[in-house]
1. Considering only residues that are surrounded by 12 or more Cβ atoms within 10 Å (Cβ to Cβ) and acidic (Asp, Glu), which ones fall in region 429-449?
2. Evaluate the following for Glu403: is it closer than 20 Å to Asn281 by Cα, outside any helix (DSSP H, G or I) and outside the structural domain of Gly182 (by TED's automatic domain parsing)?
3. As an exercise: evaluate Ala292 against (1) touching a strand residue (DSSP E or B) at 6+ places or on another chain (Cβ under 9 Å); (2) surrounded by fewer than 19 Cβ atoms within 10 Å (Cβ to Cβ); (3) more than 30 Å from Gly600 (Cα to Cα) and give the number of the one condition it does not meet.
4. Suppose we filter region 12-30 for residues that are basic (Lys, Arg) and within 13 Å of Arg300 (Cα to Cα); how many remain?
5. Name the residue that is farthest from Ala587 (Cα to Cα), counting only residues in region 514-552 that are outside any loop (DSSP other than H, G, I, E, B) and in contact with a strand residue (DSSP E or B) (Cβ under 6 Å, 6 or more places away or on another chain).
6. Return yes when Asn226 is modelled with pLDDT under 95, surrounded by 19 or more Cβ atoms within 10 Å (Cβ to Cβ) and not β-branched (Val, Ile, Thr) and no when it is not.
7. Among (1) aliphatic (A, V, I, L, M); (2) touching a Ser or Thr at 6+ places or on another chain (Cβ under 8 Å); (3) more than 24 Å from Leu52 (Cα to Cα), which single condition is Ala527 missing?
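The values are calculated or read from the model by the stated rules, or taken from the named source; none is laboratory data. Treat the numbers as computed from the prediction; the structure is a model and nothing was measured. Because the Cβ atoms are built from the backbone with ideal geometry, glycine has one as well, and the counts that use them run over all protein chains shown.
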Amino acid sequence: MTERQAASERGTKDRPWLMRTYAGHSTAEASNELYRRNLAKGQTGLSVAFDLPTQTGYDPDHILARGEVGRVGVPVSHLGDMRRLFQDIPLEQMNTSMTINATAMWLLALYQVVAEEQGADTTKLSGTTQNDIVKEYLSRGTHVFPPGPSLRLTTDMITYTVANIPKWNPINICSYHLQEAGATPVQEIAYAMSTAIAVLDAVRDSGQVPPEKFGDVVARISFFVNAGVRFVEEMCKMRAFGRIWEKVTRERYGVENPKQRRFRYGVQVNSLGLTEAQPENNVQRIVLEMLAVTLSKDARARAVQLPAWNEALGLPRPWDQQWSLRIQQVLAHESDLLEYDDIFAGSHVIEAEVEALVEESLAEIDRIQEMGGAMAAVESGYLKSQLVSSHAERRARIEAGEEKIVGVNCYESTEPNPLTADLDTAIMTVDPENEARVVTALHQWRDNRDEPRALDALSALKAAAAGDANLFAATVECARAGVTTGEWAWALRDVFGEFRAPTGVSSAPVAVAAEAGTPLAEVREKADRTAKELGCGKLRLLVGKPGLDGHSNGAEQIAVRARDAGFEVVYQGIRLTPEQIVSAAVAEDVHCVGLSILSGSHAELVPDVLDRLRSTGAEDIPVIVGGIIPTADALALREAGVAAVFTPKDFGITEIIGRIVDEIRKANKLDPLEVPA
């Protein structure tokens, strides 16, 4: 009798992983409707996407929130929003994942209060808050507070949930965004594990958890990983993750219970690897990436969420998200995958790859520990510079054709795509009037709340932050008192301060050679000749990240390549207002301003930069824009005065730098330079 026949006769089949769709947009009401539709389609858990103001601790009426409200997720400004977000969804029965970090304590407090209002037993609430601030400093950019206070918030939240919401995963150590920022498999494992060690050490040393209860803390630590298209290597990576976690929890923390040492992780497969060119190819990429985290029973994900095929074009529609959910359901329910034990057990090829990953990752973990741990490696800039360097090396391989991407740098000819025949309807757009409605609703909330109670709650929060008390109780009272997201975060900013993370650009090594005859050498020659004709030592490029979009990978790669092409680069990092960008451009007397926006706020923020440049008499400075920008929006930006628009299909960074030189020459009325391709 075969194993399959035996499984069939026993009626045994492994339970499928939790199936989620990362979703949220516009308003709490619109997102609630979407959640209930997705659950009716067979989705087995919720994954909440919050908008950038919510993630970074700003209310919708703050200047930095302009253009960002409801774009990449749902705005949640106060308890009323959270009530509407989960209306008619019984939270005691739901498994909810919240991708939230700097403001994680605040959002969980709101969630807890709504659950209590529903009559739920909070000890039965299950779900996850991401709450991993280290990778925010390195890749995703929604950090608010410095590393020390951020680690305190994480520690307080872990100790509170273990005691009061014991089925909740208070932190999801997140390597997902590390890979998207350029991490190799070894870096992804090592940096995530170093973060986990920093968090567990902080909880242990806080004195809030008795030693005999520390295994309960370890048991609630989960991970959130990325899975790229190299699915064999990615599957080996997950097996290596599990082995290292077993070693760390047993040897460093003395956890004896094997259930508490179990490596538990959720996954979203790679999103930034999805292409704008021939986007239909993204479907098979998503399927292959999902196999990396489902094929091996011994390293299978507990929860999976898949991106949509059109994410490189813009915001996916509900139908696109349904397609991704159906991919999961077909694999889980139609295939025989869940009928077998681990199909890679005993493979010497897999074992050798896993052992190599374990050995190299442990060596990198030791290196980070010698620096003082993950937080010290963040503050020194070591981790960021390593990621920027790795990403630059990968981009160079793609541009050289060494790393092939179908439809991008090979097999580029294609038939017309009926899925994108009308690009304006191939993605979902957020109503531009939505932001004004959300701001009006916020003002109504403030006007109608018990103002003295809200002010008292904020005062108590500040007092707790200035001392050493656990901050969760004070945060829950803020939620009940009607405090807003921005008010909670500003109260803590007043005590903790804010943090601007290292950019990693100045210390990144050269990734692309500028030897004679190479494309970079030719662009460098163009830049040098142009600088001489303008009577300056070097061309100066300002790379700016307006608004709250913290995905800085593209901006960093442009900055590094421009530096290598002979530019003087002004890059001040993320989260700048148009006013700050224009002030820097004028003060530094730059020859070009490059703006990077992936959050969809380009329609509001880019024209503001153009207007401010004109008002200061600097309208002759060319402005270029890069990001996820639909075709219609790109046309509108060019009509508004933008010199050039680059989207994910423009993968040649050296070519982009060459175009920047061309635009500088055109703006300064210099004759074009012909340089061989």
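1. Passing the criteria: Asp431, Glu435.
2. Considered against the rule, which asks whether it is closer than 20 Å to Asn281 by Cα, outside any helix (DSSP H, G or I) and outside the structural domain of Gly182 (by TED's automatic domain parsing), Glu403 comes out as yes.
3. Every condition holds for Ala292 apart from (2).
4. Within region 12-30, the subset basic (Lys, Arg) is 13, 15, 20.
Now drop any that are not within 13 Å of Arg300 (Cα to Cα), which leaves 15.
Qualifying residue count, region 12-30: 1.
5. Pro546
6. Numbers: modelled with pLDDT under 95: yes; surrounded by 19 or more Cβ atoms within 10 Å (Cβ to Cβ): yes; not β-branched (Val, Ile, Thr): yes.
Here the answer is yes, as Asn226 does meet what is asked.
7. Condition (2) is where Ala527 drops out.
To keep it simple, each residue is scored yes or no on (1) among the basic types (Lys, Arg); (2) more than 24 Å from the chain's Cα centre (by Cα); (3) part of a loop (DSSP other than H, G, I, E, B); (4) in the same structural domain as Val199 (by TED's automatic domain parsing).
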residue: Ala376; (1), (2), (3), (4): no, no, no, yes
residue: Gln386; (1), (2), (3), (4): no, no, no, no
residue: His391; (1), (2), (3), (4): no, no, no, no
residue: Ala396; (1), (2), (3), (4): no, no, no, no
residue: Asp431; (1), (2), (3), (4): no, no, yes, no
residue: Arg437; (1), (2), (3), (4): yes, yes, no, no
residue: Thr440; (1), (2), (3), (4): no, yes, no, no
residue: His443; (1), (2), (3), (4): no, yes, no, no
